Amino acid sequence: MSLLSSSSTPSGKKLASPIVKSEQQSVDYYFDSYSHSGIHEEMLKDTVRTKTYRDAIIKNPQLFRGKIVLDVGCGTGILSMFAAQAGAAHVYGIDASNIIDSAQQIIEENGFKQKITLIRGKVEEITLPVEKVDIIISEWMGYCLLYENMLETVLIARDKWLKPDGILLPDKARMFICAIEDGDYRRSKINFWDHVYGFRMSCLKKEALREPLVDVCEPQQVSTNVCQMISFDLEKVSVPELSVSVPYSVKASRFDKIHGMLVFFDVLFSHGSSVFTMSTSPMKRPTHWKQTVFYMPVPMSIEPNETISGQFSMTPNPRNKRDMDIEISFNHKRGFGPGAPTESQSMKYKLR
Ligand code: SAH
């Protein structure tokens, strides 16, 4: 899945939606945005995404043979068709968006009418023709993993319909953080507000800082090691546990100026004979999720082996649960030993 209430400029920089939406409007907007073929085209053309799902399904026929499969948010029906190809006895695909009309034509066109049943509606509201399923497949990830909050929907489906010994694909999700140098972007998008035709516009600078940037980051911009912050066992995690507050610590690998922290995720398919991983790391081939960058209020100068540590908190916005409120603290220990001074800052961000 992909970003919805935001759009990209030609340079791929994220722009927040200018429209304030009520909860109901935003729900409608959410499913509307998935009714157009463009968003599905973008997801299907993300070959890292789609081929990893295909491999994890098709290369594990022993998991699928004779099984009842549920595809949560089937979109065009692509994952349902992979599951049918892998030998599933029957696949149920659910989607609340109008794309399901196209999905119905697609499964018929490809000869899967007997194997795949599509159901229009919200996972939270529909009844399935069967009581339980053996496998749930879903591509639910949003920017910074949890944006759009569709994981909650997958967990609801799991608790309603998955057999006690049933499995989820993917079954694990992890989030990582590292620090980056990004002077060019900082100058053009943030420091810009310091001198606008000779005027200061610090309120807009603050606003620009609060908006995380979704963009592809060059691997050479990463100036620290990578710290794993979160690992969700998707077969066990509960909805309240999706509001996270976790510590992190990264160590500088060179002299550099740090402008922000970069967050990325991966998901794991570990039930088969080999583990398939779909990663959005800046060291790997870019995906449509890119990476998410959180700019610090004040850049930090770091030396090799110095640490930046802090707390990373992310929770759905109370007014619109598809948006995320994020808070990050940054403590930079300058030098080494017990007396080394620490430079601290923190910032609240809005992923809208
Ligand atoms: N599985 C497809 C589409 C993934 S996009 C693929 O891999 O290409 C996620 C889809 O989930 C969208 O089509 C969206 O409409 C659907 N979706 C999200 N939340 C849902 C919910 N609560 N109930 C039903 N469908 C949902």
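The values are calculated or read from the model by the stated rules, or taken from the named source; none is laboratory data. Quick caveat, the model's predicted, so the values are computed rather than measured. Positions of Cβ are generated from backbone atoms using ideal geometry, with glycine treated the same way; all protein chains shown enter the neighbour counts. Side chains included, ligands, DNA and RNA excluded: accessible areas come from the protein's heavy atoms. Shrake-Rupley method; radii C 1.70, N 1.55, O 1.52, S 1.80 Å.
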*asked:* Give me the one-decimal nm value for the distance between modelled label points at N305 and E218, 7 Å along each residue's Cα-to-Cβ direction.
replied: 2.9
*Can you work out D for the stretch 114-158 in µm² s⁻¹ from Stokes-Einstein, where Rh is the Kirkwood radius over C-alpha pairs, the temperature is 25 °C and the viscosity is 0.890 mPa s?*
202
*Starting from 0 in steps of 10 Å, tell me what percent of the Cα-Cα pairs of the stretch 171-352 lands in each bin.*
9, 33, 36, 18, 4, 1, 0
_Can you classify the stretch 91-139 as rounded, prolate or oblate using the Cα gyration tensor, where a ≥ b ≥ c are the square roots of its eigenvalues, rounded means a/c under 1.5, and otherwise it's prolate if a/b beats b/c and oblate if not?_
oblate
*Once you sort the root eigenvalues of the Cα gyration tensor of the stretch 187-242 as a ≥ b ≥ c, which label holds: rounded (a/c under 1.5), prolate (a/b larger than b/c) or oblate (the other case)?*
oblate
*What does the accessible area of I230 come to, in Å² to the nearest 10, when a probe of 1.4 Å is used?*
10
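Could you check how many percent of all C-alpha pairs in the stretch 21-139 are farther apart than 24 Å?
On the way: 1700 of 7021 pairs.
In whole percent, the long-distance tail amounts to 24.
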_If I model a spin label as a point 7 Å beyond the Cα along the Cα-Cβ vector, how far apart are those points for D159 and F199 in nm?_
5.1
*Can you grab the distance from the C-alpha centre of the stretch 186-211 to the C-alpha centre of the stretch 122-177, Å, no decimals?*
41
_Place a point 7 Å from the Cα of Q228 along the Cα-to-Cβ direction; which residues of the stretch 124-151 have their backbone N under 20 Å from it?_
141-142, 144-146
*What does the convex hull of the Cα atoms come to per residue for the chain, in Å³?*
145
_Global geometry of the stretch 46-101, whether rounded, prolate or oblate, following the gyration tensor of its Cα atoms and the 1.5 cut on a/c_ = oblate
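Greater than 30 Å separation of Cα atoms is the criterion. Which listed pairs, K45/K163; K172/K333; K122/K290; K206/K236, meet it?
Beyond 30 Å between Cα atoms: K45/K163; K172/K333; K206/K236.
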